[in-house]
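A short write-up of the structure that comes next.
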């Protein structure tokens, strides 16, 4: 296939065409502590070309058959595995034989938050994660507590990873140009990423709290059937954006001690 792939709107494709930015994104990973790198949504391989020279196993995964065919023609490199598969449906543990993987990509806006949640589910396998998002989403992931943009994605990501907003990318470097700026971030898994609480319960607490973010926790967590004694705790007088990650862990511990469990 000798002609460039046409971006498909229904797949949320905006192909990066700036070589310098592609190189900068490729340099956001450390390439240490793992043997596998997974690029999601490689498109025409602008980022891929800066990954294939690394002494690691590189996998490019896409659902677009045109992109897959183009990459197979362009990258006759034994270091690159080209896979037609939906990342959101992929069993990463089985696919990578339970080996650690770093994730990178210029992520389609329409599934970018789902990609992060999938990476969080597979956090035991993913020591590093970096890539390009809609700027607003990238900033939200990295927001500290106390800000209006701080939310579910911020808390759950920062519970397990150090999140860094690296740089902003203008629409002009894409084909077609998106209507908003993009932002590149890096997530580095914390050395001690196992939390001192029921992690499934933490996910439920955070999501329930932020579903009614303007209310105090005493009201937003009513579905947990809090005891009168527990509701007297001062933490329940706060709104969810006021709690740091460690305070959400503390909150989850308080619920557990009160006999409340993750009974979804």
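The values are calculated or read from the model by the stated rules, or taken from the named source; none is laboratory data. This one's a predicted model, so the numbers in the text were calculated from it and none came from an experiment. Using ideal geometry, Cβ is built from the backbone for each residue, glycine included, and neighbour counts are taken over all protein chains shown.
Can you find a residue that is crowded, with 20+ Cβ neighbours inside 10 Å, over 29 Å from residue 250 (Cβ atoms) and in the same structural domain as residue 54 (by TED's automatic domain parsing) anywhere in the range 119-129? Taking every residue of the range 119-129 in turn, none turns out to be crowded, with 20+ Cβ neighbours inside 10 Å, over 29 Å from residue 250 (Cβ atoms) and in the same structural domain as residue 54 (by TED's automatic domain parsing). Taking the conditions exactly as written (out of contact with any helix residue (DSSP H, G or I) (no Cβ under 9 Å at 6 or more places or on another chain) and in contact (Cβ under 8 Å) with a residue 40 or more places away in the chain), does residue 42 satisfy them or not? So residue 42 does not fit the description; no. As a summary of the residue check, residue 140 satisfies the conditions (1) at pLDDT 95 or above; (2) closer than 27 Å to residue 56 by Cβ except for the one numbered (2). Of the listed requirements (1) in contact with a helix residue (DSSP H, G or I) (Cβ under 8 Å, 6 or more places away or on another chain); (2) part of a helix (DSSP H, G or I); (3) at pLDDT below 95, residue 88 misses just one: (3). Can you confirm whether residue 86 is within 17 Å of the chain's Cα centre (by Cα) and free of Cβ contacts under 8 Å to residues at least 12 places away in the same chain? So residue 86 fails the test. Across the range 188-217, the qualifying residues are those that are surrounded by fewer than 17 Cβ atoms within 10 Å (Cβ to Cβ) and under 14 Å from residue 152 (Cα atoms), and the one among them that is modelled with the lowest pLDDT is 213. Among all positions in the range 139-157, there is at least one residue which is surrounded by 15 or more Cβ atoms within 10 Å (Cβ to Cβ), in the same structural domain as residue 185 (by TED's automatic domain parsing), within 25 Å of residue 175 (Cβ to Cβ) and touching a residue at least 24 places away in the same chain (Cβ under 8 Å). Residues in the range 63-73 that are free of Cβ contacts under 8 Å to residues at least 40 places away in the same chain and either loosely packed, with under 13 Cβ neighbours inside 10 Å or out of contact with any strand residue (DSSP E or B) (no Cβ under 6 Å at 6 or more places or on another chain) (or both): 65 alone.
The helices (runs of 4 or more DSSP H) falling completely within the range 132-232 that include 2 or more residues that are in contact with a strand residue (DSSP E or B) (Cβ under 7 Å, 6 or more places away or on another chain) map to 135-142, 152-160.
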